[in-house]
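Comments concern the structure below.
The values are calculated or read from the model by the stated rules, or taken from the named source; none is laboratory data. Keep in mind that what you see is a predicted model, and the values were worked out from it rather than measured. Cβ placement follows ideal geometry from the backbone for every residue including glycine, while neighbour counts extend to all protein chains displayed. When the accessible area is computed, the model is the full protein with side chains, heavy atoms only, and any ligands, DNA or RNA have been set aside. Shrake-Rupley method; radii C 1.70, N 1.55, O 1.52, S 1.80 Å.
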Amino acid sequence: MPELPEVTALAADLDARLAGRVIDRLSVVAFAALKTFDPPADALHGLTIAGVSRHGKFLDIAAGDLHVVLHLARAGWIRWRDAPPPPPTGRPGKGPLAARLVLDDGTGLDITEAGTKKSLSISVVHDPADVPGVARLGPDPLDPAFTRDVFAGILAQQGRAQIKGVLRNQSLIAGIGNAYSDEILHVAKMSPFKPAAMSDDELDRLYDAVQSTLRDALARADGLAASELKSEKKSGLRVHGRTGQACPVCGDTIRQVIFADSTLQYCPTCQTGGKPLADRVLSRLLK
């Protein structure tokens, strides 16, 4: 799933391609992906795109007085198309193609989603806040207003909730997902199951890890085309997705915990005092 650094870079790439261009149509192939009906998608015809921005992990294409708000979910992506689109083949919604944004010269975007579990969402709205997922977003961790004190207040309110889940909760902090929460906790040398309420020294370490991890990833992604972002993200990860490999800091073997619909990765030496975490849904530190 693209997270804050990739969505920021993707928005910048799309903004350079789309700003000032005129929309011919938004063709929705996977009808379940379109989450709104008023205004209708055909209201986009003839509107000039003002720009592309980001809200958490949501993309926002502003055109006239409307916004096309996209959430790419776990397996969605956007591909730039330099030529008019070919006719869709197969049954609508059964392949990876979810929708096409076609400009008045035939170029545009293919919005795709791999796999059989379809979670990608497209909304056409007057205000991005009309999209429930955007309306409930917490503060952006790279906003100057996201200070150490703001972060401390969020963690204090969560008490004994596991820090991994707190970092991923979009209603608390916008933009951090499964991958970068693993990376942040590795940099901070913290167990993913540590309670959110922590000492001042631990809080300082975690806040610094949030800032450095996201800003480093953002710097690596800056200026890359959409086609390059997935590989760049993967190459920059230190523990996430690297089960069985050596930790780049200490050399210990990276372990994982499997949940119903996701996994997390961590280094026992760096994060849990050398103790492996039990690999079951209600995982706790082995004693």
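Of all residues in the stretch 142-160, one or more are touching a Ser or Thr at 6+ places or on another chain (Cβ under 9 Å) and either at pLDDT 95 or above or of a type in the set (A, V, I, L, M, F, W, C) (or both). If you go through the stretch 128-154 and keep only what is open to solvent by less than 30 Å² (accessible area, probe 1.4 Å), assigned to a helix (DSSP H, G or I) and in contact with a Pro (Cβ under 9 Å, 6 or more places away or on another chain), you end up with Val134, Phe151, Ile154.
Listed conditions (1) open to solvent by less than 70 Å² (accessible area, probe 1.4 Å); (2) in a strand (DSSP E or B) are all met by Glu6, apart from (2). Just one of (1) open to solvent by 60 Å² or more (accessible area, probe 1.4 Å); (2) not in a helix (DSSP H, G or I) trips up Arg17, so point out which. If we test Arg17 against (1) open to solvent by 60 Å² or more (accessible area, probe 1.4 Å); (2) not in a helix (DSSP H, G or I), just (2) comes out false.
Residues Ala33, Ala63: which one is over 30 Å from Gly241 (Cα atoms) and buried (at least 22 other Cβ atoms within 10 Å of the Cβ)?
Details: Ala33 fails: over 30 Å from Gly241 (Cα atoms).
Checking each option against the conditions leaves just Ala63.
Just name the residue that is surrounded by the fewest Cβ atoms within 10 Å (Cβ to Cβ) out of those in the stretch 66-92 that are among the small types (Gly, Ala, Ser) and farther than 16 Å from Leu103 by Cβ. Per the criteria, the residue is Gly90. Just one of the listed residues (Ser181, Ser212, Ser191, Ser231) is open to solvent by 50 Å² or more (accessible area, probe 1.4 Å) and either out of contact with any Gly (no Cβ under 7 Å at 6 or more places or on another chain) or at pLDDT 95 or above (or both), namely Ser231.
For every residue, the table says whether it meets (1) at pLDDT 95 or above; (2) farther than 21 Å from Gly177 by Cα; (3) in the same structural domain as Thr107 (by the TED database); (4) out of contact with any Phe, Trp or Tyr (no Cβ under 9 Å at 6 or more places or on another chain).
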position: Arg25; (1), (2), (3), (4): yes, yes, yes, yes
position: Ala32; (1), (2), (3), (4): no, yes, yes, yes
position: Gly46; (1), (2), (3), (4): yes, yes, yes, yes
position: Ser53; (1), (2), (3), (4): yes, no, yes, yes
position: Leu59; (1), (2), (3), (4): yes, no, yes, yes
position: Ala63; (1), (2), (3), (4): yes, yes, yes, yes
position: Val69; (1), (2), (3), (4): yes, no, yes, no
position: Pro87; (1), (2), (3), (4): no, yes, yes, yes
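Listed by position, the helices (runs of 4 or more DSSP H) contained in the stretch 198-287 that have at least 2 residues being aliphatic (A, V, I, L, M), under 30 Å from Leu18 (Cα atoms) and within 25 Å of the chain's Cα centre (by Cα) are 200-221, 226-236.
Within the stretch 36-60, the set of residues being assigned to a loop (DSSP other than H, G, I, E, B), surrounded by 18 or more Cβ atoms within 10 Å (Cβ to Cβ) and of a type in the set (D, E, K, R) comprises Lys57 only.
Within the stretch 247-281, the only residue that satisfies the criterion of being in contact (Cβ under 8 Å) with a residue 40 or more places away in the chain and exposed (fewer than 14 other Cβ atoms within 10 Å of the Cβ) is Ser262.
Residues in the stretch 99-115 that are farther than 19 Å from Thr48 by Cα and polar (S, T, N, Q): Thr112 alone. When the stretch 195-231 is filtered for residues that are without any contact (Cβ under 8 Å) to a residue 40 or more places away in the chain and touching a Leu at 6+ places or on another chain (Cβ under 8 Å), only Ala209 remains. If you scan the stretch 107-127, which residues turn out to be under 18 Å from Ala75 (Cα atoms) and in a strand (DSSP E or B)? Those that are under 18 Å from Ala75 (Cα atoms) and in a strand (DSSP E or B): Leu109, Asp110, Ile111, Thr112, Glu113, Ser121, Ile122, Ser123.
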